[in-house]
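Shown next, in structure tokens, is the structure this report addresses.
The values are calculated or read from the model by the stated rules, or taken from the named source; none is laboratory data. All values reported here derive from a predicted model rather than from experimental measurement. Because the Cβ atoms are built from the backbone with ideal geometry, glycine has one as well, and the counts that use them run over all protein chains shown.
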């Protein structure tokens with residue numbers, strides 16, 4: 001666990017680089033709400049637009065997507081009074097600490113990041129410097145709040161390990177105990193939601209088939225239709241987890257049901273084992289509509305009132321900077337940067 005001298009604080013964020021999907025909701029936002037409501041932590045949730053521009057973004061789309069993501073957070077249950085809800089670029093300390101961490105992190109560390117290898121591929125010479133340095137900025141996002149816990153998916157675990165390495169190296173180099181070694185929080189039945197058309201692939205907003213995903217803006221009819229048409233296999237559902245081995249589509253739908261209903265996959269299978277998908281899919285569709293349709297409706301209301309969203313983000317940035325500005329000032333002091341004086 002992190003050193004108890006640090007205030008228990010959760011930080012996490014999502015890129016505003018396209019529409020929200022069920023994967024974003026179950027893999028991240030629903031867990032954000034749970035951590036907000038369970039108490040014991042200060043919670044900070046972020047739209048990481050600086051990360052989004054590491055690859056090209058149409059400016060108008062970035063603005064729309066940032067507001068839509070904020071609407072999704074709020075409609076899903078993130079309370080801007082209970083949590084600090086921010087747009088990354090409105091809190092300049094993220095980028096300022098990010099530069100310090102660019103000077104702490106080693107090139108070799110960054111080059112080993114699997115997401116860099118996956119995204120840059122064979123075209124790495126044409127990838128942006130920002131994409132290469134993405135994990136150092138992610139470390140700054142977290143540590144500028146002295147965050148002690150970060151809910152992440154498996155695909156971000158390596159980046160969080162790098163965050164710990166950067167914190168440890170900074171502390172060692174400057175002989176301080178200033179940054180916490182942040183703990184990952186990886187849990188839940190559906191931390192990795194898969195495509196409705198191919199259970200071996202992650203549900204993605206970039207999938208060319210809209211039927212492969214449930215968008216958080218989908219209405220009740222669209223949600224039900226996509227679940228009814230989701231790919232399955234001809235076998236009945238098993239009564240035990242072992243029976244899902246080699247059945248990725250079946251496992252995915254069971255995990256989605258479990259996550260939506262706050263159950264474990266084992267509990268779901270005890271209830272539905274032996275049933276055919278012709279019976280299970282309508283159950284899942286009804287559950288998904290009941291849980292998700294109210295969220296899409298509230299998102300639509302908020303998106304029709306962009307000034308309300310902008311006010312929430314402005315207030316969130318003010319609250320965030322009350323935390324980040326002193327931490328950055330102390331960082332600069334530790335590094336030896338001369339502070340400004342009042343004139």
Can you find a residue in region 172-181 that is farther than 15 Å from residue 250 by Cα, at pLDDT 95 or above and either touching a strand residue (DSSP E or B) at 6+ places or on another chain (Cβ under 6 Å) or not in a loop (DSSP other than H, G, I, E, B) (or both)?
-> yes
Return the total of residues in region 213-243 being touching a residue at least 24 places away in the same chain (Cβ under 8 Å), part of a helix (DSSP H, G or I) and either within 16 Å of residue 274 (Cα to Cα) or over 28 Å from the mean Cα position of the chain (by Cα) (or both).
-> 2
Can you name the residue in region 104-158 that is out of contact with any helix residue (DSSP H, G or I) (no Cβ under 9 Å at 6 or more places or on another chain) and closer than 30 Å to residue 326 by Cβ and is also surrounded by the fewest Cβ atoms within 10 Å (Cβ to Cβ) among such residues?
-> 129
Which is under 25 Å from residue 129 (Cα atoms) and either in the same structural domain as residue 219 (by TED's automatic domain parsing) or modelled with pLDDT under 95 (or both), of 54, 66, 7?
-> 54
Please enumerate the residues belonging to region 229-243 that are surrounded by fewer than 19 Cβ atoms within 10 Å (Cβ to Cβ) and either under 11 Å from residue 199 (Cβ atoms) or in the same structural domain as residue 26 (by TED's automatic domain parsing) (or both).
-> 231, 233
Kindly indicate whether residue 328 is within 30 Å of residue 169 (Cβ to Cβ) and in contact with a helix residue (DSSP H, G or I) (Cβ under 8 Å, 6 or more places away or on another chain).
-> yes
